[in-house]
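Reading through the structure tokens given below for one structure.
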Amino acid sequence: MTSLLETRGKKITLTNLKKELWPGEGITKYHLIKYYLEVSAFMLPHLENRFLVIQRFPEGIHRPGFFQKNIPEGAPSWLKTAVFQGSEKETRYLLCSDPETLAWLGNQACLEIHPWLSSRHTPEKPDYAVFDLDPPQGVSFRKVCLVALVLHKILKKKGLKAYPKTSGSRGIQVYLPLKPVYSYEQVRDFTAAVFKIVENELPDITTTERKVSMRGGKIYLDHLQNARGKTLVAPYSPRPLKGAPVSAPLLWEELTNPSLIPSSFTIHTILPRLRSRGELFAPVLHDRQEIPKK
Amino acid sequence: MRAMWKGSLSFGLVNIPVRLFAATENKGLKFRYLHLPCHSPVEYKRVCPVCGKEVPWEELARGFEYEKGAFVILDEQEFKAAAGESEHLIEIQDFVRIEEIDPVYFQSTYYLSPDGTGRKPYALLRKAMEDTGKVAVAGITIRTKKTPAVVRVYRDILALSTMFFPDEVRNTRELPDIPGEETIRDRELEMARDLIENLATPFVLEKFHDTYREKLLEIIDAKIKGKKIAVAPSPEREKVVDLLEALQASVEKVREKKSKETAAQEGKPPKEKVTTTSRR
């Protein structure tokens, strides 16, 4: 069964709303679209003017999903797109600046939205440095929090203010908003230098070793995410995991709370949290800082 | 009426193009199972009890249980091969007297109507069968199975009744407690015969009614009038309305947020901060 959703001349054909995208959990495409619409006012500023890579799961989270960069055939004509001219080929990316596009993404069973780190207007100059703390299996979330807090202390000492969020899974991602004047390489070098200090402080639980076999079950500090075309999951984006968790912005003091559970932030719980705590990631869009000169 | 089968009736050297229509229909009332708290019709799902998952169509197979828990799986090709060519043919083999066939063999009845050029040979066969008082025994393939059938004149048309195969009719000898030749007293037999003679009338089926259905319809009617009706909400429709409201609310919210930001920017001297939302 299909139905039509229409506002401001934008038509969205909704299909199969009862399809369980989280099978066995009663979470359907309808719930996903509703979530996208309700969170849109908070999420859209983080997507606007960025090339998007989306991950779709038309058969639900237990079946393999796929990344999609190009716009599919038959997509509505009102969708906004922009071309990035790479060195070898050009890619037409989807842009998302309105709730309608989010609703359409929901109907496409898009369960992850990944924006570029740089705006499409300055594609070579990232708007933030990202510190991706991705623990291997078996490392407790407490340890990830500890690493994040040490990172916070180091950045603070440099007079910088960064913002943490859950990855939606077991990791934490720390964003340092920057003026869009640095190249990806400069941002990468800076991130690597900071990570080196973290590794020196916590040599037992962190590593900057690139070879997986040499990491010894430690948390990998990955500065290479700071590159053109690389993406992290957007704040408030759902993840295709049990319970429909989302990537949730946090307060630093929350990381000291031993009972913080990242999977407790879901498409059901994040809206009440937004109402009571506010949009904790809003400063990431405004609080643009400079990389300190040594 | 919609034809459920198209083909030809072959009789000697003549082929009569015909269409088959179901002669009977079941008038039993259909009830649907609802979820009592919300009155929604329940859905049926194919679930694998081992994997605990709903089974999509492409993962379904048909298996024959040749012994408890052991299956032979046949694919569509093999089913097709067994069915052979599906010739759309009613092939008349013999003519017999209808009394020779016990009603236990009759399965379902269809009306035959001539198709295209079949009108004349149809009329001819009808007349010949009427005159001789004989009915035709034929084979017909419906879907995958070739079954025996009888073609006869019913009122002014030809009707076809499919029949069970002989081995599908159970043997009466398997029935328990059937009396043999008991000694019956003449007096008793005479009384029983008299009773039958007294009740003998021409056959009229119309005096039988489906009283169960009538009673149910009465109850349903009363409930509709008394407004004690279980009306299912239309989940899909409601959901779309719900989404439309959510969409309108969020369009409004985004617009508000933007105008606030623009106002803030215009009202105050520009600061270090740059908002991406109003940049173009």
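The values are calculated or read from the model by the stated rules, or taken from the named source; none is laboratory data. In this text the structure is predicted, and so the values were computed from the model without any measurement. Ideal geometry is used to build each Cβ from the backbone, glycine not excepted, and the neighbour counts take in all protein chains shown.
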Item checked: Criterion (charged (D, E, K, R), in the same structural domain as A:S264 (by TED's automatic domain parsing) and surrounded by 14 or more Cβ atoms within 10 Å (Cβ to Cβ)) met by exactly one of A:K156, A:K69, A:K143 -> A:K143
Item checked: Search result, residues across segment B:25-61 that are aliphatic (A, V, I, L, M) and either within 12 Å of chain A (Cβ to nearest Cβ) or in contact with a strand residue (DSSP E or B) (Cβ under 8 Å, 6 or more places away or on another chain) (or both) -> B:L34, B:V42, B:V47, B:V55, B:A61
Notebook entry, point to check: Taking strands (runs of 3 or more DSSP E) that do not extend beyond segment B:1-76, which have at least 2 residues that are among the hydrophobic types (A, V, I, L, M, F, W, C) and either touching a residue at least 24 places away in the same chain (Cβ under 8 Å) or surrounded by 10 or more Cβ atoms within 10 Å (Cβ to Cβ) (or both)?
Noted result: B:5-11, B:14-22, B:70-74
Check: Any idea which of B:L89, B:L112 is surrounded by 14 or more Cβ atoms within 10 Å (Cβ to Cβ), among the aliphatic types (A, V, I, L, M) and closer than 16 Å to B:G12 by Cβ?
Finding: B:L89
Next item on the list: Kindly check whether there is at least one residue in segment A:27-44 that is in contact with a helix residue (DSSP H, G or I) (Cβ under 7 Å, 6 or more places away or on another chain), more than 8 Å from chain B (Cβ to nearest Cβ) and aromatic (F, W, Y).
Entry: yes
Note to self: I'm trying to understand the selection: among the residues of segment B:40-53, which are of a type outside the set (V, I, T) and more than 25 Å from the chain's Cα centre (by Cα)?
What the structure shows: B:C48, B:P49, B:C51, B:G52, B:K53
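Does A:P135 satisfy the condition of being farther than 30 Å from A:S264 by Cβ, touching a helix residue (DSSP H, G or I) at 6+ places or on another chain (Cβ under 7 Å), of a type outside the set (V, I, T) and surrounded by 19 or more Cβ atoms within 10 Å (Cβ to Cβ)?
No; evaluated as a whole, the condition is false for this residue.
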Item checked: Qualifying positions in segment A:269-294 - assigned to a loop (DSSP other than H, G, I, E, B) and either surrounded by 15 or more Cβ atoms within 10 Å (Cβ to Cβ) or touching a residue at least 40 places away in the same chain (Cβ under 8 Å) (or both) -> A:T269, A:E279, A:L280, A:F281, A:H286, A:D287, A:R288, A:E290, A:I291, A:P292
Note to self: Tell me yes or no: at least one residue of segment A:87-96 is over 18 Å from A:P235 (Cα atoms), touching a residue at least 12 places away in the same chain (Cβ under 8 Å) and not in a strand (DSSP E or B).
What the structure shows: no
Notebook entry, point to check: Residues in segment B:146-185 that are in contact (Cβ under 8 Å) with a residue 12 or more places away in the chain, closer than 30 Å to B:K127 by Cα and in a loop (DSSP other than H, G, I, E, B): how many?
Noted result: 3
Note to self: Quick check on segment A:49-63. Is at least one of its residues within 8 Å of chain B (Cβ to nearest Cβ), surrounded by 21 or more Cβ atoms within 10 Å (Cβ to Cβ) and closer than 18 Å to B:S250 by Cα?
What the structure shows: no
Check: For A:W22, which of the numbered conditions (1) away from every other protein chain (no Cβ under 14 Å); (2) within 26 Å of A:K242 (Cα to Cα) fails to hold?
Finding: (1)
